[in-house]
Structure formats: C-alpha cells, structure tokens
1. What number of residues in the stretch 361-397 are within 22 Å of Asn344 (Cβ to Cβ) and hydroxyl-bearing (Ser, Thr, Tyr)?
2. So for the stretch 351-363 (the condition being free of Cβ contacts under 8 Å to residues at least 40 places away in the same chain and either assigned by TED's automatic domain parsing to the domain that holds Gly397 or in contact with a Pro (Cβ under 9 Å, 6 or more places away or on another chain) (or both)), does at least one residue qualify?
3. Residues that are of a type in the set (A, V, I, L, M, F, W, C), at least 3 per element: which helices (runs of 4 or more DSSP H) completely within the stretch 105-219 meet that?
4. Read through the list (1) under 27 Å from Lys326 (Cα atoms); (2) touching a strand residue (DSSP E or B) at 6+ places or on another chain (Cβ under 9 Å), then give the number of the only condition that Trp373 fails.
5. Step by step: first the residues of the stretch 439-451, then only those that are closer than 23 Å to Phe191 by Cβ and either free of Cβ contacts under 8 Å to residues at least 12 places away in the same chain or of a type in the set (Asp, Glu) (or both), then the one that is surrounded by the fewest Cβ atoms within 10 Å (Cβ to Cβ). Which residue is that?
6. Considering only residues that are of a type in the set (D, E, K, R) and either in contact with a helix residue (DSSP H, G or I) (Cβ under 9 Å, 6 or more places away or on another chain) or not in a helix (DSSP H, G or I) (or both), which ones fall in the stretch 519-534?
7. Kindly indicate which of Ile190, Ile184 is at pLDDT below 90 and not assigned by TED's automatic domain parsing to the domain that holds Val499.
Amino acid sequence: MKGFIKTTIAVLLGLIIFSFVVFIGGSAALVGIIASASSDGAEPTMIDDQSVLVLKLSQPIAEIGESDPFEALNSSYFPSNGSVSLQNYLDVIDKAANDDKIAGIYIKGGSFGGSMPMALEVRDALRAFKDNGKFIYAYADYITEAGYYVLAEANKIYLNPIGSLEFNGLSSEVVYLKKFFEKIGVKPEIFRVGKYKSAVEPFMTDKMSSANKEQISSYLNSLYDYYLGGISESRGIKLEELRNISNKMLIRNAHDAQQLKFVDELVYEDEAEAHIAEMLEVEKADDISFIKYNKYKKAFDPRSKEGEKTGKVVVLAAEGDIIYGKSEGGNKSIANVDLVKEINKLADDESVDAVVLRVNSPGGSALSSDLIWRAVQNLKKKKPVVASMSTYAASGGYYISMGCDKIVAYPNTITGSIGIFGLMFNPSELLNKKLGIKTYAVSTGEFSNFQSPLDDFSKEDFAIIQQSVEEGYKTFTEKAAEGRHMNIDDLLKVAQGRVWTGIQAKEVGLVDQLGGYETAIDIAADLAGLEVDSYEVDHLPGELDFFEEMFKGLEIETQAYLKKSLMGEYSSETDKVMKWMNSMKGVQARVPYLEEIEGY
C-alpha cells in the first residue's frame, strides 16, 4: 500500500507539473507541436542553391535516438531534450555531400554530444563531405577534447578571442567508498573472479590496486595515442609536438590555441559568419541560406535509389545497461525480454538475409546477457550475425557480442572485461549497534534465511555465492573461447576482467576487424552472399517516440526533479551511485560504474 501511494502521488505531481507547463506555454506552443507532428506527411523541405548545412556540435547523439517535438519551438518552456541517432546523423552528412544545393557545412559549438568512437564516425563522414569539393567551417566559444576531434576536420576553425580549448589528455578518476561504509556500519560482501575485475574495488579498499592501475594506464594511453594520431593527420602537426603540448598543457587560452595552429582565427560568431558570406560571394551573413539539421533531414534526397534491391541487412541497436526482465519506462537499457523478442523476429523473417547487432553497453546482469547470447546463437543458425561495437561493448556487452560470426570494433572502443562479480550490502552493524534494531528469524532449514540482508554472512553463505560467481566466470570464458575459436588457456590470458581498447582487443584476438557501421554491414552482406549495392539496410528500433517515452518515464522524471531540487548539484552523483547499487541483482558482468574517463 505504501508503494502504491508513493507511485500515485509521484504520477499525479508529474501530471500537475506537465499541465502547468503546457498552460504557461499557451496555445501557440500546442499549435506548433501539432504542426510539427503533422509535417511528417508533408512535401519535402525546399532549399536554395548554395545552402549551408548547420550542425550543432553539442546535439546529443546516441545509438537509439529520441524525437523531440519541442525542438522547433525554441522556447525556454520546452527545452530540447531529444537526441539524434548516430546513423541518422551520418546519413544526413552523406546526403548533404551528394546534394548540389549544399555548398558547405557550418559547425557551431565545441562540445561534442557523443563519445569519442562516435566522433570517429563523424570525422570520417566530414572527410568524405570535403572530398566532394565542399567546405566545412566551424565556430566555438570553447572547445573540449572530444569536440576538437571533430572540429579538426574543418577547413577553418574559428575560436572566440576570449574562449578556450581543452587539450590536456585523458584521465580516469575512481571514487573509493570503503571507509564510508565502515563509518555507517554497512559491510559490502564481495564476490568476484578475475585479477582485473575492478568494478567492486571501490568497496574493498581505499586505494587503487596495482592491477587496476596497470589496465587503466594501458587503455588510456592506447585511446590517447589514437586520438593524437587523428589530430596530427587532420591539422598537420607532428605527433611528438602534440604530445608535448598535451603533457605540459601549453594551450591555456585562445591565443595559445591560435599560436600553436590548433585554430585558424580568433573572431566572434558574427565575424565567422561574415567570412562564410565572403567565401560564398554574398553581400552579408544575413544573405546566407543556412539550413538546420532537422529541417534538412526532411529535404529531398538527391541520392540515387535506382536498381532493384533483392536482399536486406538489418542493424539492430542494443544500448544501455543490461538488465533482467523488461525495459523500464524512461530508462534506456538492454532488457533480455525485449531484445530476445526482436532477435527471434529477425530469425523468423525470411526477408532478412543478415543482421548486424550494434552494441553500446558497459554490461550488467550476467543472466540477462546469457539469455541474449542464446538468442544470438539461434539466430546465427539461420543467417549471418555480425557484432558492431560502439563506445562500450564490455563485460556483459562483450558477452552478447562474442557469439556472433564476426566482431567489428572502433580502434577506440572500450571492450573486453571478461569477468563477473557479485555484491551485497550487509547492514547488520548499522541496524544492531548504531540504530538498536535487532531481528530474529525462524527457519525450517540451515539455509532457509540465506542471503538475508539483515544477518551476517556465514562462511557457508560466502562459499555458496563465491561458487556461483566462479561457475559464471567459467561459463563466460568457455563460451567466449568457443565463439572466438580460441584455446581456453589462451582466452583466460586475456580475460581476468581486463579492459581493452578496440586496437588492443584485435591484437589479442577478441575482435576480428576495426571499423564502424559500414565495415560491419559490408561483412554481414558478404557472409550472406549479397552482391554490392544489391541490398537495402534497415535500422531497428529507429528513433523512439517522444510522448510515449515521456509518459513511460513520468514517475521517474518527477522523482528526479524533486531530488535535484532538494540536493542541487549533488543529485546526479547520488543517483548514479544508487542506481548502480540497486541494479546489483544476481551475478554481474559489467565494467566499473565509478570509473569515468575525463575527456572521453
């Protein structure tokens, strides 16, 4: 009853807040939404000759995008919270590259809305755009390290005279909680297998282990070496010079960035646009026909669609933490019930010749990962399946990928982490000694009260759980060895929970080839015996519907709003910790939640 009342109040409060916002926004906003929603069936957007496509660099990019009907309103009452799918973003750039009416691209902003591997795909698309004889100009008030990875492909980079450019390397900071739990009287009960399985390390110790430091240092340097190579290629600056600039953080203001040839000119935004006007030979910036991403997406597609398509490759996106059961409204996750259902549909669909499983996940439930792995095995009996790894495909993310016919990863993908762990919290000291709460249990057998959160763990309890974790690790590694056609002893050498970059994973045999979307699709089509240009490519699940997702997650959003109001800037960090702790149901196969890469 208490849970029902709590849920009801949260939903009612959310409806009140939403209704109030709609009322304040007024009828004009509603008309705008209706007009936007009804425009899907309208004629394609018409654009002028010598138009310039405007890309907002900070636009959130995800594997699975979410439509945002409020974006066109440009109102503070309806802030834009939508995201575009990476595939759609790349497709729009390719469309512009082949459109005679598009003269160039104008990138605004210096903070990239996706990850470094996604930036790699965007860089490649921009390079192909330039190869078609078109220009790319960019302006930013400040530029982040990931943002610069994209902007480096521009013909001209303009930076605000009092702006900034971040170029000081990658850093991974881990929060350790051992002493905190000691002070409050809660004992983390930890079960793990793997020398490098550091996800539970913050609960075991108050300092970083040498093994964890070794693996973090290894993959950070691998990631940054590849990053510097890309910048060197784009800007024509020697690699060792870039490394020295980064190590000593020689760029500390806009003038440093210009002097070291990271940007071309220091100007304000109106001056940058005036330069574009001059290049286009128009009188002033107001005469430039700028067209935004969402509007151009609806414009006529000039790319040839001639020729009969006799085959089909489907790209199925799996993004988020891996959870057991069905997906939760408002939270992007990989739920075994939902994903297995989609995989089984593809297996039975005779019009589908091959499947690319696009994975972007740090892992999660080991049980859910195995159920998805099983569905992939059944699919593979009927048609080729290729894994395409995005930002993360680690631990459980690797589990669901390892059974595919081939695995493709970006050079800077985070993958591997073949290992599992179990984590429980024993609050008996907090309850008994600090709060004076005592519990007694009456049981029919020795283990009837097994895993009770209110009792101390016995040696027998610990042994049972540890055995389960070890069996899970054995299953994981044996299936990985089978999927990768490796001797189990060789597989164990690169397992142990160790995290690898895509480059490293290929070297040790965990990945077949380096590349992105197109590479994976080409391999899948080839395995299916499809001729080049003889097949169509479908992407599932496509962009999510804004209103459907909004009402699914209404209670969650309301709770988040209240927490942020009460806790301010600390609410997001608290949410991250609590979400991770609450997700620890059963044995886990995931990378460390508290281990973030600054700049990645």
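1. Count: 5.
2. Yes: the stretch 351-363 contains one or more residues that are free of Cβ contacts under 8 Å to residues at least 40 places away in the same chain and either assigned by TED's automatic domain parsing to the domain that holds Gly397 or in contact with a Pro (Cβ under 9 Å, 6 or more places away or on another chain) (or both).
3. 116-131, 145-151, 178-184
4. Against the list (1) under 27 Å from Lys326 (Cα atoms); (2) touching a strand residue (DSSP E or B) at 6+ places or on another chain (Cβ under 9 Å), Trp373 comes up short only on (2).
5. By that ranking, first place goes to Gly445.
6. Within the stretch 519-534, Glu531, Asp533 meet the criteria.
7. Checking each option against the conditions leaves just Ile190.
For (1) touching a strand residue (DSSP E or B) at 6+ places or on another chain (Cβ under 9 Å); (2) hydrophobic (A, V, I, L, M, F, W, C), each residue gets a yes or a no:
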{"site": "Thr391", "(1), (2)": "yes, no"}
{"site": "Tyr398", "(1), (2)": "yes, no"}
{"site": "Met402", "(1), (2)": "yes, yes"}
{"site": "Tyr410", "(1), (2)": "yes, no"}
{"site": "Thr413", "(1), (2)": "yes, no"}
{"site": "Ser458", "(1), (2)": "no, no"}
{"site": "Ile465", "(1), (2)": "yes, yes"}
{"site": "Val469", "(1), (2)": "yes, yes"}
{"site": "Ala481", "(1), (2)": "no, yes"}
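The values are calculated or read from the model by the stated rules, or taken from the named source; none is laboratory data. All of these numbers come straight from a predicted model, not from anything done at the bench. Ideal geometry is used to build each Cβ from the backbone, glycine not excepted, and the neighbour counts take in all protein chains shown.
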